[in-house]
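Reading through the structure tokens given below for one structure.
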Amino acid sequence: MTTATDVNQPTLQPAAPTGRRLSLPVLLLVIAGALALTSIVRIITGADGITNVSQMSTALQLAVPIGLAGLGGLWAERAGVVNIGLEGMMILGTWFGAWAGFQWGPWTGVLVGIIGGCVGGLLHAVVTVTFNVNHIVSGVAINILALGATRYLAPLAFEGHEGGSAKQSPAVDSLGHFTVPGLSDWLRDLNGHGWFFISDIAGLLGGLITNVSWLTLIAVALIPATWWILWRTAFGLRLRSCGENPVAAESLGVNVYKYKYIAVIISGGLAGLGGVFLSIVANPFYLEGQVSGRGYIGLAAMIFGNWMPGGLAIGAGLFGYTDSLNLRGGSENVHALLLLGALLLAIGAIWLAFRKKYTSSAITLLIGALVFTWYAGTNEVPNQVVSATPYVITLIVLALSAQRLRMPKADGMPYRKGQGK
């Protein structure tokens, strides 16, 4: 994991990842292929809502808190600390953000919400790093503690204020939105023509520049910023070494405890920012239960992305898109996605057969045939299926991506200061 090229100036080299990583051109080609396939499904089914501007804009809004939670998990786990407590840290972010936001303004709410998440991260770091408690146990305890604390504090802080109650805060002012003038209208018009592929690209791009919150821009910018810090700076190298081999890192002079603490506190702050987004942008108020498992879905997005910021962003976008189906033409759109799923399974079966995995290919083809039969034999899907779609997609993508994953080698492993001496 590490080598020392010079006695006085040792260097750290994290272990090379296993498996092949998609290059950017190949990744863009895969995304273009998926969009083209979606366009074919849209034309066949007539479900124009699956790629229109409003759908994509909603998907982006729903993807942001999931992505921020996943980004928080990435920071912690790259330093070797499993953070199941993302859900609780998001809850703290929603409460503290709304509490400060309705009193002193939305941007103050953003700052205080981040601090609230950092407090949860600090507590997790103390318990797991200093006292070496099991990371899963600590994370679950933080989730329960955050839920209990906010339920206790909400009546005390919100009742008696206009619009406030025991389960809801008063309204918070908007952070503001931006739309690219001219270009946004042109893309919306282009999307409305319903042309193959071109209109779908217009819908995707239009959703990214139409009525977008300033906090969304910050959240999106944090993805490349995280990549640059963790993979292009000495600080990031030391932090990642703590998640790969903390003993070797300590032997080369890295203060492992310090980097783990920093990573987990940043993790909590990012999750808290995701909570702020829910209580100030997605809704202009705190509402009990509004996190609704997004911390766990963010963790799933991080795993799907193989502990990398780019993959995490794709996973968050996928989950945000499926979640947006609940809000816009859910039954019709999910029914159309059954055909898309059947086509993807058929392509997967051909790919497995090409790789001479005939048993897996046959099973995949059979599942694809069943999904197509479901699509062909029905005109809509039950509302319960629409509501469950984001969670089903979570399970499916994790199952399909499980064989290519590589977590940091020391992730979740106990570590005591002095082991490297």
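The values are calculated or read from the model by the stated rules, or taken from the named source; none is laboratory data. Worth saying up front: this structure is predicted, and the values here are computed from it rather than measured. We place every Cβ from the backbone using ideal geometry, glycine too, and count neighbours over all the protein chains shown. Side chains included, ligands, DNA and RNA excluded: accessible areas come from the protein's heavy atoms. Shrake-Rupley method; radii C 1.70, N 1.55, O 1.52, S 1.80 Å.
Observations
- A count restricted to the stretch 279-293 and to residues that are within 13 Å of GLY93 (Cα to Cα) and open to solvent by 30 Å² or more (accessible area, probe 1.4 Å) stands at 4.
- Taken over the stretch 348-392, residues that are over 18 Å from GLU332 (Cβ atoms), open to solvent by less than 40 Å² (accessible area, probe 1.4 Å), within 29 Å of the chain's Cα centre (by Cα) and of a type in the set (Ser, Thr, Tyr) amount to 1.
- Cross-chain or 6+ apart pairs with Cβ under 6 Å, the stretch 87-114 first and without any contact (Cβ under 8 Å) to a residue 24 or more places away in the chain and farther than 24 Å from GLY70 by Cβ, then open to solvent by 10 Å² or more (accessible area, probe 1.4 Å) and of a type in the set (Ser, Thr, Tyr): ALA100/THR108
Each row is one residue, and each column tells you yes or no for (1) of a type in the set (Gly, Ala, Ser); (2) within 19 Å of ALA282 (Cα to Cα); (3) not in a helix (DSSP H, G or I).
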site	(1), (2), (3)
GLY73	yes, no, no
GLY80	yes, no, yes
LEU123	no, no, no
VAL133	no, no, yes
LEU156	no, no, no
ALA166	yes, no, yes
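- Failed item in (1) more than 30 Å from THR51 (Cα to Cα); (2) surrounded by 15 or more Cβ atoms within 10 Å (Cβ to Cβ); (3) of a type in the set (Ser, Thr, Tyr), with THR130 passing the rest: (2)
- Any hit, the stretch 54-66, residues being hydrophobic (A, V, I, L, M, F, W, C), open to solvent by less than 10 Å² (accessible area, probe 1.4 Å) and within 18 Å of GLY120 (Cβ to Cβ): yes
- Among residues of the stretch 235-273, those that are hydrophobic (A, V, I, L, M, F, W, C) and in contact with a Phe, Trp or Tyr (Cβ under 7 Å, 6 or more places away or on another chain), counted: 6
- Candidates are the residues of the stretch 170-190 that are among the small types (Gly, Ala, Ser) and either touching a residue at least 24 places away in the same chain (Cβ under 8 Å) or in contact with a strand residue (DSSP E or B) (Cβ under 6 Å, 6 or more places away or on another chain) (or both); the one that is surrounded by the fewest Cβ atoms within 10 Å (Cβ to Cβ) is GLY176.
- Note on the stretch 2-36: residues that are surrounded by 15 or more Cβ atoms within 10 Å (Cβ to Cβ) and at pLDDT 80 or above total 1.
- Some residue of the stretch 302-309 being in contact with a strand residue (DSSP E or B) (Cβ under 6 Å, 6 or more places away or on another chain), in contact (Cβ under 8 Å) with a residue 12 or more places away in the chain and over 30 Å from THR378 (Cβ atoms): no
- Near pairs, Cβ below 6 angstrom, 6+ apart or cross-chain, from the stretch 392-405 (closer than 15 Å to MET302 by Cβ) to any residue that is at pLDDT below 70 and of a type outside the set (S, T, N, Q): ARG404/GLY19
- The stretch 67-117, residues that are surrounded by fewer than 24 Cβ atoms within 10 Å (Cβ to Cβ) and of a type in the set (Phe, Trp, Tyr): TRP104, TRP107
- Of all residues in the stretch 133-166, those satisfying the criterion of being loosely packed, with under 14 Cβ neighbours inside 10 Å and touching a Lys or Arg at 6+ places or on another chain (Cβ under 9 Å) are PRO155, ALA166.
- Once the stretch 301-310 is narrowed to residues that are assigned to a helix (DSSP H, G or I) and within 16 Å of ILE396 (Cβ to Cβ), the residue that is modelled with the lowest pLDDT is PHE304.
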